[in-house]
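Novice: Can you keep this structure in mind? I'll have questions shortly.
The values are calculated or read from the model by the stated rules, or taken from the named source; none is laboratory data. Predicted, not measured: the structure shown is a model, and the values here were computed from it. As a convention, Cβ positions derive from the backbone with ideal geometry for all residues, glycine included, and neighbour counts pool all protein chains shown. These accessible areas exclude ligands, DNA and RNA; they are computed on the full protein's heavy atoms, side chains included. Shrake-Rupley method; radii C 1.70, N 1.55, O 1.52, S 1.80 Å.
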Amino acid sequence: MGSRHRIELTVNGEPRGCETEGRTSLADLLRDTLGLTGTHLGCEHGVCGACTVLLDGEPVRSCILLAAQVDGHEVTTIEGLAEPGGRLSVVQDAFCQSHALQCGFCTPGMVLAVEALLRATPAPDRREIDEALGGNICRCTGYVQIREAVRYAAGRIRADADQAAVDIEAVVGGG
């Protein structure tokens, strides 16, 4: 039996504490201990991107990160993106609207990579999109619809921000 570690982390906005073996990957902790099976395991070598989650807002490969390394950090999985009541996030909805998925195996990792991209770069160009998705492999779609989903989500996010600014101006300006 390997060494056990007590870790405290925040998963999808909820504080969680658990005991884990020293060699347990973050992916295995999420799937097997916490029951968050939306994080998929493909290659288990950090190459395919299916296991991508956000660690403190940045995309990481959870299959090659030890669970003990995330002690005190915040992890977001695909399950944590939906809004209260189960409404899909803008990026999740954009993938659906753009038919950017077929078998769906790579989709959680792709969606989380796109979330991180759009938080950092609200209006990405094709090079930035390709760079953000470069570590995520899809064997079904050929990436055309995935790129379209990113552009669609970026447009919706910008439109929502513009509308929020108009709404604030109306309140602040007394209109």
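Yes/no per residue for (1) at pLDDT below 95; (2) over 30 Å from T10 (Cβ atoms); (3) of a type in the set (F, W, Y); (4) within 16 Å of the chain's Cα centre (by Cα):
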site: I78; (1), (2), (3), (4): no, no, no, yes
site: P84; (1), (2), (3), (4): yes, no, no, no
site: G142; (1), (2), (3), (4): yes, yes, no, no
site: A154; (1), (2), (3), (4): no, no, no, yes
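Novice: Which one of these does E14 not meet: (1) more than 23 Å from A116 (Cα to Cα); (2) modelled with pLDDT of 95 or more; (3) open to solvent by 70 Å² or more (accessible area, probe 1.4 Å); (4) not hydrophobic (A, V, I, L, M, F, W, C)?
Specialist: Among (1) more than 23 Å from A116 (Cα to Cα); (2) modelled with pLDDT of 95 or more; (3) open to solvent by 70 Å² or more (accessible area, probe 1.4 Å); (4) not hydrophobic (A, V, I, L, M, F, W, C), E14 violates only (1).
Novice: Between a first residue in segment 118-140 that is over 21 Å from S62 (Cα atoms) and a second residue that is outside any helix (DSSP H, G or I), which pairs have beta carbons less than 6 Å apart while being 6 or more apart in sequence or on different chains?
Specialist: Taking only residues 6 or more apart or on different chains, the pairs are E128/T121; C140/Q102; C140/C103.
Novice: Condition first: open to solvent by less than 10 Å² (accessible area, probe 1.4 Å), small (G, A, S) and out of contact with any Phe, Trp or Tyr (no Cβ under 6 Å at 6 or more places or on another chain). Can you find one or more residues in segment 78-88 that meet it? Break it down stepwise before answering.
Specialist: From segment 78-88, those open to solvent by less than 10 Å² (accessible area, probe 1.4 Å) are none; that's our starting set.
Checked against the condition, which is being open to solvent by less than 10 Å² (accessible area, probe 1.4 Å), small (G, A, S) and out of contact with any Phe, Trp or Tyr (no Cβ under 6 Å at 6 or more places or on another chain), segment 78-88 yields no hits at all.
Novice: Of the numbered conditions (1) within 30 Å of G17 (Cβ to Cβ); (2) more than 16 Å from the chain's Cα centre (by Cα), H73 satisfies every one except a single condition; which is it?
Specialist: Every condition holds for H73 apart from (2).
Novice: Still on this structure: Hey, does segment 35-45 have a residue that's open to solvent by 30 Å² or more (accessible area, probe 1.4 Å), within 16 Å of the chain's Cα centre (by Cα), modelled with pLDDT of 95 or more and of a type in the set (S, T, Y)?
Specialist: yes
Novice: Answer yes or no: is there a residue in segment 54-75 that is touching a strand residue (DSSP E or B) at 6+ places or on another chain (Cβ under 8 Å), open to solvent by less than 70 Å² (accessible area, probe 1.4 Å) and among the hydroxyl-bearing types (S, T, Y).
Specialist: The answer is yes, given that some residue of segment 54-75 is touching a strand residue (DSSP E or B) at 6+ places or on another chain (Cβ under 8 Å), open to solvent by less than 70 Å² (accessible area, probe 1.4 Å) and among the hydroxyl-bearing types (S, T, Y).
Novice: So, in segment 112-146, exactly how many residues are within 17 Å of S89 (Cα to Cα) and either in a helix (DSSP H, G or I) or open to solvent by less than 30 Å² (accessible area, probe 1.4 Å) (or both)?
Specialist: So the count comes out to 10.
Novice: If you don't mind, there's one more thing I want to ask. Does D93 qualify as being acidic (D, E) and surrounded by fewer than 18 Cβ atoms within 10 Å (Cβ to Cβ)? It would help to see each step written out before you state the result.
Specialist: Details: acidic (D, E): yes; surrounded by fewer than 18 Cβ atoms within 10 Å (Cβ to Cβ): yes.
Here the answer is yes, as D93 does meet what is asked.
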